[in-house]
Amino acid sequence: MDPARWQLLSPLIDSLFELPPEARDERLRELREEDPGLTDELEALIALEEERGDFLAEPLVPPRPGVQPGTVVGPYRLDRLLGEGGMGQVWLASRADGLYQRRVALKLLRPGLTDTNLRVRFTRERQILARLGHPHIARLLDAGVTLEGLPYLALEYVDGEPITDYCRTQDTPVAQRLHMFQQVCDAVSHAHANLIVHRDLKPSNILVTPAGEVRLLDFGIAKLLDSEAAVVEQTRTGMRAFTLHYAAPEQIRGEPVTTMTDVYSLGVVLYELLTDRKPYKLKRDSDAAWEEAILLNDPLRPSQTMLRRAENDTVEEYGHVAALRRRARVLSGDLDNIVLKTLSKQPEQRYPSVEAVALDLRRYEEGRPVLARSQGVGYRIRKYFARHRWTLATASMVIVVLGLSVGLVAWQARQALAEAARAQAMQDFMVGLFEQAGGAPGKAMDLRSLLTAAETRDRTEPGHQPRARAELLGLLARLRLGLGDYAEAGQLLQRQSAIVDNTRDIPDSLQLESLTLRGQLLAVQGNAPACLALMQPALDVARGEEAQLPPQSSQFYSQLGRCRRAAGERQGARQMFERSLTIRRESPADEVGIVENLVDLASLKGDAGDNVSAMRGFNEALSYLGSHVGARHPLAVTILRDRCALRRAQGDLALAEHDCQEALTLAVQLHGGDSRAGIEARRQLASLHMDLGRYALAQREFTETQAWLVARLGAGDAEIARNSSNLGLAAWERGDLAAALPALAHAVEIWRTGPDPGLLATGLFNQAAALHDAGLDANAMPLLQEARRLRIGQFGAEHGLVGDTDRLIGVVAAALGDPAQARGALQEAVALTRGHYGPGDPHTLRAELAQARLLAAEGDTAAMQRLAEIGTTGPADDSDRRRDRWLARAYLTETRCQREPALARAQLDAITQEMQAAMPEGSAALGEVHGIRQGCL
């Protein structure tokens, strides 16, 4: 048979063999209406199956030449074909080089396959398996590419059978089935912790070994949550990337896939594991009927399914009706609710995670109330008595309980004494600190002096309570972080971590607090990868302590989410923020924490470009803060600044200035003008002053904040570079090149040692522009060439930023007397900016202006017409377009300086007066027009 034909027939014949005779006939009638020839072939294959018991014992389509038993693939020799699908083949193979004996399951992409999507999916499966290491997941042992260019994966060979078949043939008790299912949950949870969604969980991908151990297989269509790569999913019959019977409603609808999708698929597997039936009973077994059932029908309770089997089925597999009724009684109640919760149509109504499913099953096994049903008093009491029935039935156990109670009281007393001693040590430390504070008479000691005294005393007078010292160091570090004293905070956290890591019996709460603070410091220092490396390994600890330590766990999740966001892992960040928000909304609610997470989620929407949703999120957070906590809260400063930044990006400068001014006023009132919050608010407002043409005010603000930053961060910090660059730009716009050039050069010097080539390229471009205005074009040209190389390396040669750089290269080349280089650079600048930004964009118009000026000076009439067109068109209320119109008029007038100097000077004077009226503090553009007039003299 033709392999291409068999690839179409194979999934259809498999689905038909699974149907009962009546449903199979109905399905064949439907297929005959669509493709009579295809239906004839299917009926012939079914007839062969009925005539011969060994039908399809060997593949109808033999392996392609070169891929057959005995073929050597890498270091492996193929023994026999285990299975074959639309994506590839799985062979039982063994080592061929004799280094050691091992049998593996060798997965090969189907020979001759040219589908790029399947090759990408095969490569992604290798990447996913390489991230996983779990006893219940089939391991990736090796990977490579054959001499023919086919990729292969060598996986752990699992000699087992599907979990449902194993339980059915072994007549496995319900308790053991649940135990094996929890092994599955552990494996899926491990995948989710590594940001991997399986998306095709079904019994055939969950094998049970003869020893009763579970292995999870086939990550061929799994999805990486921290990847933005699109995944193609076809939906024609037989060509789905997922298995329809186990698909979640959102998969059927084509909506985004999350960890909730795997929760649903596990629910289908659990249902079938407990009842030996699928959740939906269909009148007609077809794909359309299955899709309708998954989307619209509610599954029957598992216990009711068992009762109906007891009433209607032949039950040879259980021997008698009583066995089915006993099974129904076991499933009734908690297990019914657990299964149905996993099968909820809406993802938010399911369990929030696979760990939550496993936790509820453990609670059921332990006789505790499960979270899948309402926690009424009567229900909880019944569970308690069922769990402790033997204890409550015997007097001897009462005595044991009393003894345990006495022991518990004694233990609590010892704990209370230890806590009292620790609290007393903390109190003595603080009292001694204030008693020895040596401020001047009549003058209060400031907070930094007090913190310095506390840190000195801790070093010189270490106490005997390591936990108390660790908590004190954490408190001091938190205060230092709030003040922006990052170097001092880092020293304190280093001393705290030495105590936490080397002291026994340090509680998990303190460990999580320490990691959260250290991650916060790394994040504000711009080192997101180090933050992830520090916090990610402790994720399981935080997950295990959610119920006991909700404040510490939620703070840990929030900070880890911020580090993931800074590293560009938006999906992983959203997962952390939503988990933290869920914990904080539970009673007692953490109102401040809720606001923090609302802001975090709104910021993620802004990162994705959804400015409308982001603004709605910020407004919701500010409203919630005012109604539940109070409007005069430090978080209000953060929200107002975020809202200001968003409005500035949208071009609404008036409302942006209002928010920034309100944030600055509140920051000064709450923290003082010398605080980190106040300084950051001043810098943001100064940037707005730049947008509004208030360059003198912006220069003054950046100069003052520069001194604050240098005093606390050191001269080489990245924040210093950003502030210095803004200072240089403000001075340049004012024409103060004496202040602009050193500031811009200082920013470039710092960025040269940093990790971001984009910042360095921007700094070099700005420095070169200022040097050009200063007449130092020979110094500007090498900086522009370096900036161009960096931008090509980061964005590619076709990016608009490369075109911007080409524009300035052309202008500088013209100033250096090289018209040929200038024409070439400006022609490239126009092409790149027009292709990237589009016609009419400010970037494109600046390039066209520079080119038209050069050509008009050479007498090109078309260039003069273009200057006239730009000088008379465009909205008058757009600052960029007004600047371009003035420059176009000035460039056109420049061409008349030789023929009509008096008229040209008069026209340039008129342009200058218009610009001075609109920009009383001047600008770089106004300076350029002044230079043109000077040249007309």
Of all residues in segment 509-543 being free of Cβ contacts under 8 Å to residues at least 12 places away in the same chain and assigned to a helix (DSSP H, G or I), the one that is surrounded by the most Cβ atoms within 10 Å (Cβ to Cβ): Ala530
Counted residues, segment 554-575 - those being over 21 Å from Met615 (Cα atoms), of a type outside the set (D, E, K, R) and not in a loop (DSSP other than H, G, I, E, B): 8
Test: residue in segment 897-911 that is under 52 Å from the mean Cα position of the chain (by Cα), in the same structural domain as Ile932 (by TED's automatic domain parsing) and farther than 25 Å from Pro839 by Cα: yes
Residue that is in contact with a Gly (Cβ under 9 Å, 6 or more places away or on another chain), under 21 Å from Ala631 (Cα atoms) and either among the aromatic types (Phe, Trp, Tyr) or in the same structural domain as Ala636 (by TED's automatic domain parsing) (or both), where the choices are Ala667, Ala681: Ala667
Count - residues of segment 341-391 that are closer than 17 Å to Val174 by Cβ, in a helix (DSSP H, G or I) and either under 39 Å from the mean Cα position of the chain (by Cα) or modelled with pLDDT of 90 or more (or both): 9
Test: residue in segment 600-612 that is among the basic types (Lys, Arg) and more than 22 Å from Phe556 (Cα to Cα): no
Any pair with Cβ under 7 angstrom, 6 or more apart, that starts in segment 16-45 at a residue that is acidic (Asp, Glu) and ends at one that is at pLDDT below 80 and surrounded by 11 or more Cβ atoms within 10 Å (Cβ to Cβ): Glu26/Arg284; Glu30/Ser286; Glu41/Leu9
Cβ-Cβ under 8 Å pairs, at least 6 apart or on other chains, segment 280-308 side farther than 17 Å from Tyr246 by Cβ, far side among the hydrophobic types (A, V, I, L, M, F, W, C) and assigned to a loop (DSSP other than H, G, I, E, B): Arg308/Leu300
Pairs, first in contact (Cβ under 8 Å) with a residue 12 or more places away in the chain in segment 782-802, second among the charged types (D, E, K, R), C-beta under 6 Å, six or more apart: Leu801/Arg791; Val802/Arg791
Answer residue from segment 922-937, given it is in a helix (DSSP H, G or I) and over 15 Å from Leu887 (Cβ atoms) and is modelled with the highest pLDDT among those: Gln934
Residue within segment 605-622 that is within 24 Å of His192 (Cα to Cα), touching a Phe, Trp or Tyr at 6+ places or on another chain (Cβ under 7 Å) and modelled with pLDDT of 90 or more present: no
Residue, farthest from Glu291 (Cα to Cα), within segment 232-254, restricted to residues that are among the hydrophobic types (A, V, I, L, M, F, W, C) and at pLDDT 50 or above: Ala241
Residue list for segment 764-781, filter: of a type in the set (A, V, I, L, M) and in a helix (DSSP H, G or I): Leu764, Ala768, Ala769, Ala770, Leu771, Ala778, Ala780, Met781
Residues satisfying the stated conditions in segment 157-207, i.e. closer than 30 Å to Gly561 by Cα and among the polar types (S, T, N, Q): Gln182, Gln183, Ser189, Asn194
Residue match in segment 720-732 (condition: in a helix (DSSP H, G or I), surrounded by 20 or more Cβ atoms within 10 Å (Cβ to Cβ) and in contact (Cβ under 8 Å) with a residue 60 or more places away in the chain): yes
Given (1) polar (S, T, N, Q); (2) outside the structural domain of Arg632 (by TED's automatic domain parsing); (3) more than 27 Å from Leu521 (Cβ to Cβ), number of the condition Thr705 does not satisfy: (3)
Residues being farther than 11 Å from Arg643 by Cα, over 16 Å from the mean Cα position of the chain (by Cα) and among the small types (Gly, Ala, Ser) - total across segment 602-620: 1
Criterion violated by Arg643 - all others in (1) closer than 18 Å to Asp600 by Cα; (2) over 30 Å from the mean Cα position of the chain (by Cα) satisfied: (2)
Answer from Thr912, Thr895 - the residue that is among the β-branched types (Val, Ile, Thr), closer than 23 Å to Glu858 by Cα and surrounded by 14 or more Cβ atoms within 10 Å (Cβ to Cβ): Thr895
Residue within segment 573-585 that is modelled with pLDDT of 90 or more, out of contact with any helix residue (DSSP H, G or I) (no Cβ under 6 Å at 6 or more places or on another chain) and crowded, with 21+ Cβ neighbours inside 10 Å present: yes
Conditions (1) modelled with pLDDT of 65 or more; (2) in contact with a Pro (Cβ under 8 Å, 6 or more places away or on another chain); (3) of a type in the set (D, E, K, R): number failed by Glu33: (2)
Scope segment 497-508; condition of a type outside the set (A, V, I, L, M), in a helix (DSSP H, G or I) and either without any contact (Cβ under 8 Å) to a residue 12 or more places away in the chain or surrounded by fewer than 16 Cβ atoms within 10 Å (Cβ to Cβ) (or both); matching residues: Asp501, Asn502
Output for segment 803-818, where each listed residue is surrounded by 17 or more Cβ atoms within 10 Å (Cβ to Cβ) and within 19 Å of Leu771 (Cα to Cα): Asp804, Thr805, Asp806, Arg807, Leu808, Ile809, Gly810, Val811, Val812, Ala813, Ala814
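The values are calculated or read from the model by the stated rules, or taken from the named source; none is laboratory data. The model shown is predicted, which means the values in this text are computed figures rather than measured ones. With ideal geometry, Cβ positions are generated from the backbone for all residues, glycine too; neighbour counts draw on all protein chains shown.
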